[in-house]
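These notes concern the structure reproduced below.
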Amino acid sequence: MSRPSPDHPTTTPSGRPRRSVPGSGLAKGLAVTLRTMTKKTVTEQYPDAQPALPPRSRGVIGLFEENCTVCMLCARECPDWCIYIDSHKETVPAATPGGRERSRNVLDRFAIDFSLCMYCGICIEVCPFDALFWSPEFEYAETDIRDLTHERDKLREWMWTVPAPPALDPGAEEPKEIAAARKAAEKLAAAQAEPPTEPTDPQEGAS
Ligand code: SF4
Ligand code: SF4
């Protein structure tokens, strides 16, 4: 049973039951229909028309494997425990004579189960090495739930759909990674632009 609201009391101020005018409900309904018909439509004709998503939408997670050090932070912090990582240790020989051997983690498996993921973004936030990124891609529905576990190759493919970061504010300091990459590219370009040195003629000094 619906309760009387203060805006639509069911009784008159004198306490008598309020009578509704016959057909007023129909008129109100038609007024709502008319108002809605004249408003701009908000329905997206998906999939014929693709929705215009914000560039940083949380669609799927991409893995940039080269940056991953298998620190396990993302897997430990994931509230849904839906990141699966396997790795083994490898010994790296000493870089200099008399130096110490080092051990490093080698990634064997990296997978995310998107049937469990709640798109909180914690894994991306906590990754200290910038190995995980949001991609706005969202069309990866599957008929078999097991196919929603994306292995490292699939996660790598998503990486190519990650949008470029937004431009820096005017006057902002250049990020150190970009500065290092730019200097390396400039050095390489300068080395390639230098004319090759001509071999000296051994007869020249003898005469
Ligand atoms: S977005 Fe959240 S739930 Fe999904 S894998 Fe990352 S930490 Fe786990
Ligand atoms: S937090 Fe980053 S570096 Fe560490 S295991 Fe996860 S993806 Fe790899």
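If we keep just the residues of segment 84-127 that are away from ligand 2 (no atom under 16 Å from the Cβ) and hydroxyl-bearing (S, T, Y), which is nearest to T143 (Cα to Cα)? Residue satisfying both the conditions and the ranking: S115.
Pairs are defined by a Cβ separation below 9 Å, a sequence spacing of at least 6 or placement on different chains, a first member in segment 108-124 that is touching a residue at least 12 places away in the same chain (Cβ under 8 Å), and a second member that is within 6 Å of ligand 1 (Cβ to nearest atom) and in a helix (DSSP H, G or I); the pairs so defined are I112/C123; C117/C123. Among (1) more than 10 Å from ligand 2 (Cβ to nearest atom); (2) surrounded by fewer than 16 Cβ atoms within 10 Å (Cβ to Cβ), where does W134 come up short? Among (1) more than 10 Å from ligand 2 (Cβ to nearest atom); (2) surrounded by fewer than 16 Cβ atoms within 10 Å (Cβ to Cβ), the lone unmet condition for W134 is (2). Of all residues in segment 80-105, those being assigned to a loop (DSSP other than H, G, I, E, B), surrounded by 10 or more Cβ atoms within 10 Å (Cβ to Cβ) and either in contact (Cβ under 8 Å) with a residue 12 or more places away in the chain or in contact with a Ser or Thr (Cβ under 7 Å, 6 or more places away or on another chain) (or both) number 3.
Going by what's in this entry, would V70 be described as more than 14 Å from H150 (Cβ to Cβ), of a type in the set (A, V, I, L, M) and part of a loop (DSSP other than H, G, I, E, B)? It is true that V70 is more than 14 Å from H150 (Cβ to Cβ), of a type in the set (A, V, I, L, M) and part of a loop (DSSP other than H, G, I, E, B).
The residues listed here are L73, L53; of these, the one that is within 16 Å of ligand 2 (Cβ to nearest atom) and either under 19 Å from W134 (Cα atoms) or not charged (D, E, K, R) (or both) is L73. Scoring E142 on the criteria (1) closer than 14 Å to V60 by Cβ; (2) loosely packed, with under 13 Cβ neighbours inside 10 Å; (3) without any contact (Cβ under 8 Å) to a residue 40 or more places away in the chain; (4) out of contact with any Leu (no Cβ under 6 Å at 6 or more places or on another chain) leaves a single failure, condition (4).
Residues in segment 101-121 that are touching a strand residue (DSSP E or B) at 6+ places or on another chain (Cβ under 7 Å) and aromatic (F, W, Y) were compared, and the one that is nearest to ligand 1 (Cβ to nearest atom) is F114. Scanning segment 122-161 for residues that are part of a loop (DSSP other than H, G, I, E, B), within 15 Å of ligand 1 (Cβ to nearest atom) and in contact with a Cys (Cβ under 8 Å, 6 or more places away or on another chain) yields C127, P128, A131.
The residue that is nearest to F138 (Cα to Cα), among those in segment 28-50 that are under 37 Å from the mean Cα position of the chain (by Cα) and surrounded by 10 or more Cβ atoms within 10 Å (Cβ to Cβ), is Q50. Of the residues screened, S115 is not one that is in contact with a Ser or Thr (Cβ under 9 Å, 6 or more places away or on another chain), surrounded by fewer than 10 Cβ atoms within 10 Å (Cβ to Cβ) and either part of a strand (DSSP E or B) or at pLDDT 95 or above (or both).
The values are calculated or read from the model by the stated rules, or taken from the named source; none is laboratory data. From a predicted model like this one, the values you see are computed outputs, not experimental measurements. All Cβ positions, glycine included, derive from the backbone under ideal geometry; neighbour counts span all protein chains shown.
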